[in-house]
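Novice: Take this structure first; my questions come after.
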Amino acid sequence: MFANTLSKNARAVITGAGSGIGKAMALELGRRQSLVVCSDINLDAAEQTASEIRRSGGQAWAVACDVSDLAQVQALADKADELLPEPVNLVINNAGVGVGGKAIGETSMQDWEWTVNINFWGVVYGCHVFAPRLRQQKQAGIINVASTASFSAAPLMGPYNATKAAALAISETLAAELSGTGVTVTALCPTLVKTNISANGRIQGESNELFNRLMDRFGMSAERVARMALDGLDRGQLYVMPQVDARMIWRLKRLLPNTYAAVTGLINRRITSNLT
Ligand SMILES: NC(=O)c1ccc[n+]([C@@H]2O[C@H](COP(=O)([O-])OP(=O)(O)OC[C@H]3O[C@@H](n4cnc5c(N)ncnc54)[C@H](O)[C@@H]3O)[C@@H](O)[C@H]2O)c1
């Protein structure tokens with residue numbers, strides 16, 4: 001059933017491994033006997049993830065890395081070369097932040113820049129630094145954590161939607177460039193996942209309350225998303241959409257391209273009025 005067994009016995013590097021989806025992926029990789037370099041801008045949080053893996057009998061290390069800084073991503077790759085017994089063969093570009101609650105024209109330039117620096121440049125740097133290394137491996141993988149926002153364009157999420165659309169486009173480009181090599185590219189596109197994204201992000205006012213209520217009510221666990229992402233990679237899937245609503249939005253947009261924005265606006269207004 002699985003095209004490869006990459007997530008088992010991998011030599012993995014994960015960004016944003018201190019919390020949420022990144023942490024869940026790191027722990028799941030540990031359970032699958034992979035060696036895991038857990039990196040995060042917050043070294044203490046990365047160290048906590050790594051020590052949980054070690055306490056369960058696995059091998060893991062913590063490395064500080066701000067993905068919005070190319071030199072730090074390069075240093076992360078060099079450090080992984082030092083720590084791992086053989087070259088890295090799985091990279092998960094997961095680190096990301098949530099921004100929302102203001103329309104385009106009202107969102108501050110600081111929030112645009114903050115989001116672009118982490119969600120866009122973080123993925124660009126991760127792919128730029130690691131893709132040439134992965135190419136040299138017989139079997140390797142790269143998971144970019146995108147989002148349903150990559151293609152759903154919900155209102156009041158301009159910077160997030162734009163940077164996640166870019167993460168998907170980068171993944172699709174990379175998949176085409178690496179086809180015929182041993183490298184599998186997977187773009188993970190979840191809807192709501194129960195993590196600390198709202199506490200760590202800049203989602204404004206009522207949108208933040210709404211987001212938290214929706215996340216509590218409908219969010220999938222990060223552990224389940226992590227398992228589905230790694231299984232998807234092992235199956236050779238380019239797109240992993242863990243939830244049914246993500247798959248419905250994907251199809252709806254193709255079915256109704258011209259009315260999509262109006263339908264999205266209507267659904268958004270319905271959800272908002274039912275929950276407030
Ligand atoms: N939670 C959701 O509903 C959801 C849905 C779709 C996609 N995602 C994506 O999942 C990814 C992980 O987010 P999460 O939900 O687990 O959030 P989270 O806030 O729980 O975890 C994000 C982690 O990234 C780290 N981080 C933040 N800025 C960083 C930087 N500059 N460099 C390195 N690390 C940094 C944080 O310290 C944190 O440990 C993000 O890319 C997010 O956009 C989340």
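Novice: Any chance you could check the Cα centroid distance between the range 74-99 and the range 106-129 for me, in angstrom?
Specialist: Comparing the Cα centres of the range 74-99 and the range 106-129, I get a distance of 18 Å.
Novice: Let me ask you something else. Given the options ASN89, ASN208, ASN144, state which has the largest fluctuation in a GNM of the chain using a 10 Å cut-off (strictly under) for Cα springs.
Specialist: Looking only at ASN89, ASN208, ASN144, the largest GNM fluctuation is found for ASN208.
Novice: For the range 227-274, what is one quarter of the convex hull surface built on the Cα atoms, given in nm²?
Specialist: Across all orientations, the range 227-274 yields a mean hull projection of 4.4 nm².
Novice: With the other protein chains left in place, how much accessible area per residue, in square angstrom, belongs to the chain at a 1.4 angstrom probe?
Specialist: In whole numbers, the chain has 47 Å² accessible per residue.
Novice: Further question on the same structure: If I histogram all Cα-Cα distances within the range 151-276 using bins 10 Å wide from 0, what percent of pairs lands in each bin?
Specialist: 11, 37, 37, 13, 2, 0
Novice: Helix 158-178: angle to the longest alpha-carbon principal axis of the chain, degrees 0 to 90, nearest 10?
Specialist: 40 degrees
Novice: Between GLN33 and ARG269, what FRET efficiency comes out of the Förster formula 1/(1 + (r/R0)^6) with R0 = 45 Å and r the beta carbon distance, rounded to 0.05?
Specialist: Taking R0 as 45 Å, the efficiency between ARG269 and GLN33 is 0.40.
Novice: For the range 53-94, taking Cα atoms only, what is the radius of gyration to one decimal and the Dmax to the nearest whole Å?
Specialist: 11.4, 33
Novice: Then there's this: Using a Gaussian network for the chain with springs between C-alpha atoms less than 10 Å apart, which of these wobbles most: LEU168, LEU210, LEU35?
Specialist: LEU210
Novice: Could you tell me the ratio Rg/Rh of the chain? Both radii from Cα atoms, Rh via Kirkwood.
Specialist: 0.96
Novice: Considering the range 15-143, what Rg and Dmax in Å follow from its alpha-carbon atoms?
Specialist: Every Cα atom of the range 15-143 included, Rg and Dmax give 15.3, 51 Å.
Novice: Would you work out the charge dipole size for the range 227-276 about its Cα centre, treating the Cβ of every Lys and Arg as +1 and the Cβ of every Asp and Glu as -1, and quote it to the nearest 20 debye?
Specialist: 180 debye
Novice: Which one of ASN93, ASN119, ASN258 has the biggest mean-square fluctuation once the chain is modelled by GNM with Cα springs under 10 Å?
Specialist: Sorting by GNM fluctuation, first place goes to ASN258.
Novice: While we're on this one: Given charges of +1 on the Cβ of Lys and Arg and -1 on the Cβ of Asp and Glu, with all other atoms neutral, how large is the dipole of the chain about its Cα centre, in debye to the nearest 20?
Specialist: My answer is approximately 1000 debye.
Novice: Here's something else I'd like to know. How many lysine pairs are close in the range 11-275, with Cα atoms under 27 Å apart and the two 8 or more places apart or on different chains?
Specialist: Going through the range 11-275 pair by pair, I get 11.
The values are calculated or read from the model by the stated rules, or taken from the named source; none is laboratory data. None of these values were measured; they are calculated from a predicted model. For neighbour counting, all protein chains shown are included, and Cβ atoms are generated from backbone atoms with ideal geometry for every residue, glycine included. Just so you know, the surface numbers come from the protein's heavy atoms only, side chains and all, with ligands and any DNA or RNA stripped out. Shrake-Rupley method; radii C 1.70, N 1.55, O 1.52, S 1.80 Å.
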